[in-house]
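Inspection log for the structure reproduced underneath, given as structure tokens.
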Amino acid sequence: MNNLPLHFYIVDDDRSFGKSLKRLLNARGIAADYFGSAQFFLDSVPPGQRGYAIVDIHMPGCDGFALVDKMHELNYRMPVIMITGQTRADSRDLALQKGAVGFLQKPFSEESLLDLIKQSTSDAT
């Protein structure tokens, strides 16, 4: 896992959670940045940028589903892992329909996230 050349962009309105996730990935040798809103991500990361996005579904303003739609519209080629703390039964299905490469329900274990990252990145190679 330490040899991943990819960058992960974490988009979550929960600052504490997002920063914690960034520290976890960095501690595993995975480059990551945190963005507190969908708009901040779109303003900071150009469409041609390589990497993966880890996107919370439920955020104020532009939610995760709207962000994924906007990413498609702007021609981002970045795979997305969607996460949520909500328990809507259809969230996983909708995330996958929108093209997410993975979905995790909060709280999730460090191991389940790292396994999903490993699986997603190996599928892309």
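The values are calculated or read from the model by the stated rules, or taken from the named source; none is laboratory data. Predicted model only: the values in this text are computed from it and were never measured. Reconstructed Cβ throughout: ideal geometry from the backbone, glycine too, with neighbour counts over all protein chains shown. In case anyone asks, the SASA skips ligands and DNA or RNA and just uses the protein heavy atoms, side chains included. Shrake-Rupley method; radii C 1.70, N 1.55, O 1.52, S 1.80 Å.
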Of the candidates 99, 64, 85, the one satisfying the condition of being open to solvent by less than 70 Å² (accessible area, probe 1.4 Å) and at positive phi is 99
Here the qualifying pairs (Cβ atoms under 8 Å; residues six or more apart or on different chains; first in region 2-28 and more than 17 Å from residue 108 (Cβ to Cβ) and open to solvent by 70 Å² or more (accessible area, probe 1.4 Å); second modelled with pLDDT under 95 and of a type in the set (Asp, Glu)) come out as none
When region 67-79 is checked residue by residue, the ones that are open to solvent by 10 Å² or more (accessible area, probe 1.4 Å), among the hydrophobic types (A, V, I, L, M, F, W, C) and in contact with a helix residue (DSSP H, G or I) (Cβ under 7 Å, 6 or more places away or on another chain) are 78
Scanning region 29-55 for residues that are farther than 17 Å from residue 73 by Cβ and either without any contact (Cβ under 8 Å) to a residue 40 or more places away in the chain or over 11 Å from the mean Cα position of the chain (by Cα) (or both) gives 29, 30, 31, 32, 33, 34, 35, 36, 37, 40, 44, 50
Picked from region 30-53 (must be within 9 Å of residue 7 (Cβ to Cβ) and small (Gly, Ala, Ser)), the residue most open to solvent (accessible area, probe 1.4 Å) is 31
